[in-house]
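Novice: Got a structure for you, written out below as C-alpha cells; questions coming shortly.
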Amino acid sequence: MTVQIITIDGPSGSGKGTLAAKLAAYYQFHLLDSGALYRLLGLSLHQQDLLDALDSSLELCIKIATNLDIKFVTTQAGTQVQLDGEDVTQTIRTERVGEFASKVAAIPELRTALLERQRAFAQAPGLVADGRDMATSIFPEAQAKIYLTASAESRAERRVKQLQGMGLDVKINDILANIQARDKRDMERTVAPLKPAADAYIIDSSALGIDEVFKLMTSFVDQQLAN
C-alpha cells in the first residue's frame, strides 16, 4: 500500500504548524513536525553545553541525535512534546530554542542523523509533514507538496501576538531581526536549503487568514491525491 504524503515547507512563522495539524486532522493522517525534532535536539545539546562546540564534539552530538528520547503525546489540549520524560511543549516554541534549532539544522551530519527518524513517520493511511525541506529532501515522492510563505513583517507580527499570549514581553524589532537572520541561515545552508520544490504549490499567507489558506490547501490536496 502506498502511503499518501502531504508536505508543507516554508520559513519560520508562516503558519505551517497550525495548518499541518488541521490537515492531519481533516484527512486523518499522521503528523510530523520536523521542526520540533530540530528544536528538541538543539535544546538537548544546549542543556549539555554542546551547542557552542558542535564542530569539536560532532561525534557525541550525532550519537545524541540518534538516541534522543522523544515522545509526542496526544491530549485533549493538543500535542504534548516530551524530552527525556519532561514536558517541553512550551519551551521548544521560544525564540531562543528556535535559534538552537537553526544552528543544528545547518550541520549536515546532524541533519543526516535525524533523516531516518523523520522518514519513519510515513505510515498508513498517510502523513502530513511540516518543515523546511520535507518536499525537497525528506519526502521528494510526496503526492502533494505545498510551500507556505509570508512576508517577514507579517510573520513577526504573528509571532509577537503568539508570544504575548504566552505571557512573554517581546519587542517586534527583535523578533523581526531573529526571523530575518533565521531565513538567511536556512536559505543559505549548504545542505537542503529552504526553497520550494519545483512542483510545489506556493501560497503567500501574508494577507490571508487561516481558514482561507486551509481552503486553498485542501482544494489542491484533494486534486493531487485523486490523481
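The values are calculated or read from the model by the stated rules, or taken from the named source; none is laboratory data. Being a predicted model, the structure only gives us computed values, none of them experimental. Cβ placement follows ideal geometry from the backbone for every residue including glycine, while neighbour counts extend to all protein chains displayed. Keep in mind that these areas ignore ligands, DNA and RNA; they rest on the heavy atoms of the full protein, side chains included. Shrake-Rupley method; radii C 1.70, N 1.55, O 1.52, S 1.80 Å.
Novice: Quick check: Cα centre of segment 107-145 to Cα centre of segment 12-47, how many Å?
Specialist: Taking the Cα centre of each part, segment 107-145 and segment 12-47 sit 12 Å apart.
Novice: Follow-up. Considering only ALA105, SER154, ASN173, whose Cα is most displaced toward the positive end of the charge dipole of segment 46-192, charges sitting on Cβ of Lys, Arg (+1) and Asp, Glu (-1)?
Specialist: SER154
Novice: When the dipole is taken about the Cα centre of the chain, and only Lys, Arg (+1) and Asp, Glu (-1) are charged at their Cβ, what size is it in debye, to the nearest 20?
Specialist: 240
Novice: Give the peptides 9-19, 153-163 in descending order of average Cβ contacts within 10 Å, highest first.
Specialist: Descending packing order for the listed peptides: 9-19, 153-163.
Novice: Among bridges DSSP assigns within the chain, what percent are antiparallel (round to 5)?
Specialist: About 30 percent, rounded to the nearest 5.
Novice: In Å², what does the accessible area per residue of segment 21-149 work out to with a 1.4 Å probe?
Specialist: 46
Novice: Accessible area of PHE214, 1.4 Å probe, to the nearest 10 Å²?
Specialist: Per-residue accessible area (PHE214): approximately 40 Å².
Novice: Moving to a separate point now. In the chain, what percent of the accessible surface is made up of carbon and sulfur (1.4 Å probe, ligands and nucleic acids excluded)?
Specialist: For the chain, the apolar C and S fraction of the accessible surface comes to 51 percent.
Novice: Same structure again: Hey, with R₀ at 22 Å, roughly what FRET efficiency would THR79 and GLN164 work out to, going by the Cβ-Cβ distance, to 0.05?
Specialist: E(calc), rounded to 0.05, equals 0.50.
Novice: Can you check what the net charge comes to around ARG189, using other residues whose Cβ is under 12 Å from the Cβ of ARG189 (Lys, Arg +1; Asp, Glu -1)?
Specialist: That sum, taken over residues with Cβ under 12 Å, equals +3.
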